[in-house]
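**Q** The structure follows.
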Amino acid sequence: MMIGFETIRRKKSSDGTKISFRGQSVGYSDWIRVMKTSFDSLEPSDISYQDFLKEMSLEQLTKLATGLEWGTQGVLLRVEDPLALHHYVNRIGTPESDLLHYLNLTSLPFIPEKREVPSLDDLWQIPEEVDYPTLIYRPTMPTGNLSPSYFVVGDAPGVGGGRLVGGSFDRVFVYGRSSHLLRKALIKTGIYYKCWFTNLLKLATPKNRPSGLDEVMSFQWLLEQELEILKPRKIILLGAHVNEMWLKTFGNLKYDIIKVRHPASYVRGGMGAEEYADHLRTLIGR
């Protein structure tokens, strides 16, 4: 997906912003060209590709995000996909405007720099395709704040472009109209940066149908493991179906549960982030 590069060059002012890369100070537009060249022409086994990954940093990702918006988020995701394969976690210091803008768009997990980082080996366990014959093999892993106050639960990842191969995987609630609406509304309520995002299922359902109880129960141990590791204070359940499945599989767990409408219902109704944020505020108390 090569969207947004020309747009970024036009939008970015020539303010002399420099980014350190491979020991050299390069301008923003040069940095974009380096990334485009790297990800268009190199294979993951190429030594230059590996060097590129080693040079990545939160500062560079934040700089990249300054030229992006929701519509050009795919540029950032293209850089973050191989970082996710390496279980890359951003350690966050004092939030400033550029960093907050990056966190709005990122697909990678993050954590305050003084906190101990949980192992993504435990949180990102890729299911075996053969074990889930009723589902579309599109592994989608949870993401967000690894020291969360809120644990946001959806049903299943969207089927998107279909089956994924080669060990690649998506992250939840990153792109798409419903995901963007959810993120924007949580930003408006002031709790987005305190949230961990996950799904009942880690694989997609055919034609994005609702999950079945047997399917939810087959992933139950993974969600229980997330709860045990991250220890959130409150659970936000997205939609009536998720609430029903939660009660049937996790109803014995003692958590403060917040049941909200699914953002997709607001998208279908032609409503925006402000309306959804108002709905969330009435239930979350923000």
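**Q** Considering lysine pairs in the stretch 121-286 that are 8 or more places apart or on different chains, how many have Cα atoms under 17 Å apart?
**A** 7
**Q** Please figure out what share of the DSSP beta bridges in the stretch 121-286 is antiparallel and state it in percent, rounded to the nearest 5. Could you put the intermediate results ahead of the total?
**A** Numbers: 3 of 19 bridges.
Bridges in the stretch 121-286 are about 15 percent antiparallel.
**Q** Roughly speaking, what is the centre-to-centre gap between the stretch 183-240 and the stretch 84-119 when only Cα atoms are used, to the nearest Å?
**A** So the separation of the two Cα centres works out to 19 Å.
**Q** Continuing with this model, one more query. Give the shape of the stretch 121-286 as rounded, prolate or oblate, defined through the alpha-carbon gyration tensor: a ≥ b ≥ c are the square roots of its eigenvalues, a/c under 1.5 means rounded, and otherwise the shape is prolate if a/b is larger than b/c and oblate if not.
**A** On the way: a/c = 1.60, a/b = 1.31, b/c = 1.22.
Because a/c hits 1.5 or more and a/b exceeds b/c, the stretch 121-286 counts as prolate.
**Q** Would you mind working out the magnitude of the charge dipole of the stretch 147-244 relative to its Cα centre, with +1 at each Lys and Arg C-beta and -1 at each Asp and Glu C-beta, to the nearest 20 Debye?
**A** 560 debye
**Q** If I model a spin label as a point 7 Å beyond the Cα along the Cα-Cβ vector, how far apart are those points for residue 244 and residue 85 in nm?
**A** 3.9 nm
**Q** Something else about it: Please give the length that would be gained between residue 278 and residue 177 if that part of the chain were fully extended, namely 0.36 nm times their separation in residues minus their C-alpha to C-alpha distance (nm, one decimal).
**A** Taking 0.36 nm per residue and subtracting the Cα distance, the gain is 34.6 nm.
Readers should treat all values here as calculations from the given coordinates under stated rules, not as data from a laboratory. What you see is a predicted model; the values in this text were computed from it and never measured. For neighbour counting, all protein chains shown are included, and Cβ atoms are generated from backbone atoms with ideal geometry for every residue, glycine included.
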